[in-house]
Amino acid sequence: MYELIVLSLLISGRAHGYSIIKIMNDIAGPYTKFSHGRLYPLLVRLEKEGSIVTVDDASGEQAGGRHLHSYEITEGGRERFHEVMMNITSSVGDYQKLFLHKVQAMEHLEPAERLILLEHYINFCQAHVLYMIAKVEEVLRLQTHGISPSRNNVLVKIMRHIADQWQLELEWANELLEEERAQLK
């Protein structure tokens with residue numbers, strides 16, 4: 001996921017490591033923080049793989065007299081970005097979070113590719129909704145697995161809540177798809 005975030009930021013233009021960290025932390029929310037110790041090994045790996053290059057920014061200087069370095073995406077990085085964006089089979093457990101990052105970078109894909117990703121995500125959400133509804137029905141039908149009725153009721157409430165969350169996600173994805181299709185007309 002972090003690779004996608006970095007490549008999607010750099011595909012839009014050159015950025016300093018500090019800018020990348022700030023944007024990553026803004027996206028992550030109040031309880032997740034990315035550190036320089038987490039970002040810079042990723043940047044080094046991406047550079048070794050030929051996805052990005054370091055550009056010495058002589059005009060920018062950090063406190064302490066050190067020069068700021070900017071990073072740029074390479075043609076190989078653009079290809080890797082496209083590969084990561086179109087990958088719909090790995091990171092299935094984190095795909096909901098990953099998809100949010102894909103949405104913000106979809107402008108760099110062809111319209112047909114955006115449709116593929118959106119339709120896939122809609123199917124992904126539908127599968128979750130249907131699974132949770134089926135499991136709620138199963139729990140209600142079986143009534144107990146050695147669980148007290150009150151605990152069983154709480155379990156059903158939690159499962160319905162998860163189904164509701166996936167339903168909202170599905171509605172949002174459908175809105176994105178409608179917007180995308182409207183732009184193609």
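Highest GNM mean-square fluctuation among E72, E49, E138, for the chain modelled with Cα contacts below 10 Å: E138. The chymotrypsin sites (Phe, Trp or Tyr not before Pro) of the stretch 124-178 include none that meets both conditions, a loop assignment by DSSP and at most 16 other Cβ atoms within 10 Å of the site Cβ. Annotation: amide H-H contacts under 5 Å for A15 (H modelled 1.01 Å from N, sequence separation of 5 or more, or interchain): Y71. Each of L68, S91, V6 was placed along the dipole of the stretch 2-92 (beta-carbon charges, centred on the mean Cα), and the one lying farthest toward the positive end is S91. Taking a Cβ cut-off of under 15 Å around V156, the surrounding Lys, Arg, Asp and Glu residues balance to a net charge of +2, with basic ones at +1 and acidic ones at -1. Under a straight-distance cross-link criterion of Cα-Cα below 20 Å, which lysines are reachable from K97, leaving out those fewer than 8 residues away in the same chain? Leaving aside lysines fewer than 8 places away in the same chain, those within reach of K97 are K22, K33. From largest to smallest, the equivalent ellipsoid semi-axes obtained for the chain from the alpha-carbon gyration tensor read 40, 22, 13 Å.
With a ≥ b ≥ c the root eigenvalues of the C-alpha gyration tensor of the stretch 2-92, is it rounded (a/c under 1.5), prolate (a/b larger than b/c) or oblate? Since a/c reaches 1.5 but b/c is at least a/b, the shape of the stretch 2-92 is classed as oblate. Per-residue ellipticity at 222 nm, computed for the chain from helices alone with -39500 (n - 2.57) per DSSP H run of at least four residues, works out to -23000 deg cm²/dmol. Ordering L140, S150, A182 by Cα displacement along the dipole of the stretch 110-184 toward the positive end leaves S150 in first place; charges were set at the Cβ atoms of Lys, Arg (+1) and Asp, Glu (-1).
For the chain, the longest principal axis of the C-alpha atoms and the axis of helix 149-184 are separated by about 50°.
Computed from the coordinates by the stated procedures, all read-outs in this text should not be read as laboratory data. Note that the structure is predicted; figures quoted are calculated from it, not measured. For neighbour counting, all protein chains shown are included, and Cβ atoms are generated from backbone atoms with ideal geometry for every residue, glycine included.
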